[in-house]
1. Give me the residue from region 125-142 that is part of a loop (DSSP other than H, G, I, E, B) and more than 13 Å from THR234 (Cβ to Cβ) and, out of that set, farthest from the chain's Cα centre (by Cα).
2. When you scan region 218-244, how many residues do you find that are crowded, with 17+ Cβ neighbours inside 10 Å and among the acidic types (Asp, Glu)?
3. Please work out which one of (1) within 30 Å of ILE3 (Cβ to Cβ); (2) more than 14 Å from the chain's Cα centre (by Cα) is the condition LEU223 fails and give its number.
4. Within the bounds of region 143-154, is there any residue that is touching a strand residue (DSSP E or B) at 6+ places or on another chain (Cβ under 9 Å), basic (Lys, Arg) and either under 23 Å from ILE204 (Cα atoms) or in contact (Cβ under 8 Å) with a residue 40 or more places away in the chain (or both)?
5. Identify the single condition in (1) at pLDDT below 95; (2) on the phi > 0 side of the Ramachandran plot that LYS171 does not satisfy, given that it satisfies every other one.
6. Is it the case that SER38 is farther than 30 Å from CYS244 by Cα, among the small types (Gly, Ala, Ser) and buried (at least 22 other Cβ atoms within 10 Å of the Cβ)?
7. Taking into account only those residues within region 105-159 that are polar (S, T, N, Q) and over 23 Å from LEU89 (Cα atoms), which is surrounded by the most Cβ atoms within 10 Å (Cβ to Cβ)?
Amino acid sequence: MDIKFTGKTALVTGAGQGIGRAIAKRLFQHGAEVFALSKSPENLQSLLREAPGIHTVTVDLEDWEATEKAVKGLGHIDLLVNNAGVAILEPFLDIKSGSFDKLFNVNLKAVINVSQIVAKQMIDSKIGGSIVHVSSQASQAPLKDHAVYCSTKAALDMLCKVMALELGQHKIRVNCVNPTVVLTEMGKLGWSDPSKADPMLAGIPLGRFAEVEEVVDAVVYLLSDRASMIHGTTLPVDGGFLAC
């Protein structure tokens with residue numbers, strides 16, 4: 001499927017590494033002007049060496065005011081990918097206040113902040129646009145030691161639906177992509193222990209974890225005009241995990 005984003009401007013959060021980095025590079029390859037946002041200048045400099053021409057934005061998404069200033073300064077955005085996220089794993093009985101706050105601040109509150117700014121600009125331009133949130137299969141399936149993380153992703157899915165309900169009249173499409181474990185560098189390290197990986201793999205009918213590019217494919221498709229009637233969805237990229 002030939003997808004082009006020539007003439008479009010995209011913003012990808014959490015673009016310094018992993019899935020976000022791959023999304024930013026793919027959108028750039030498809031012709032978009034890309035703003036890659038991360039709190040790590042080192043990761044952004046590394047990204048620039050791989051894809052000269054991408055614009056970088058260094059800001060901590062937990063800082064509401066700094067994020068608002070940075071995103072407003074970018075001008076009109078046609079395509080937004082809210083990819084940034086954190087995971088702090090704690091058993092339910094050991095959940096700490098600081099962990100709760102950080103997870104919700106990054107995984108949900110920052111998404112609201114960035115999306116409000118971008119959506120208002122889309123409305124003002126009367127052009128519309130497309131927004132994709134990177135959620136997780138953990139939004140719909142409980143995982144041990146993931147109580148708060150699962151809760152943030154469930155909230156993100158519902159945020160997607162409400163945004164779709166309210167923004168559709170402005171020709172702004174909003175969707176979620178919900179991956180299983182993804183084999184980023186971090187994912188490979190975190191799931192290298194068979195005692196941890198095997199029980200999860202046993203619940204995936206395809207019998208494997210997702211590759212980064214498989215998640216990128218789904219995000220790019222939902223951003224594109226090829227998905228022009230897809231709105232308010234949560235798209236699993238999970239090998240059938242949620243079907244069982």
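1. Going through the qualifying residues, I end up with LYS126.
2. 1
3. Failing condition for LEU223: (2).
4. Yes; the residues of region 143-154 include at least one that is touching a strand residue (DSSP E or B) at 6+ places or on another chain (Cβ under 9 Å), basic (Lys, Arg) and either under 23 Å from ILE204 (Cα atoms) or in contact (Cβ under 8 Å) with a residue 40 or more places away in the chain (or both).
5. Status for LYS171: all satisfied but (1).
6. Yes: the conditions hold for SER38.
7. So, considering only residues that are polar (S, T, N, Q) and over 23 Å from LEU89 (Cα atoms), the one surrounded by the most Cβ atoms within 10 Å (Cβ to Cβ) is SER130.
Residue-by-condition table, conditions (1) under 27 Å from LEU143 (Cβ atoms); (2) free of Cβ contacts under 8 Å to residues at least 40 places away in the same chain:
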position: ASP2; (1), (2): no, yes
position: GLY14; (1), (2): yes, no
position: GLN17; (1), (2): yes, no
position: ILE23; (1), (2): yes, no
position: LEU48; (1), (2): no, yes
position: GLU62; (1), (2): yes, no
position: THR67; (1), (2): no, no
position: ALA70; (1), (2): no, yes
position: PHE92; (1), (2): yes, no
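The values are calculated or read from the model by the stated rules, or taken from the named source; none is laboratory data. Being a predicted model, the structure only gives us computed values, none of them experimental. Cβ: placed from backbone, ideal geometry, glycine included. Neighbour counts: every protein chain shown.
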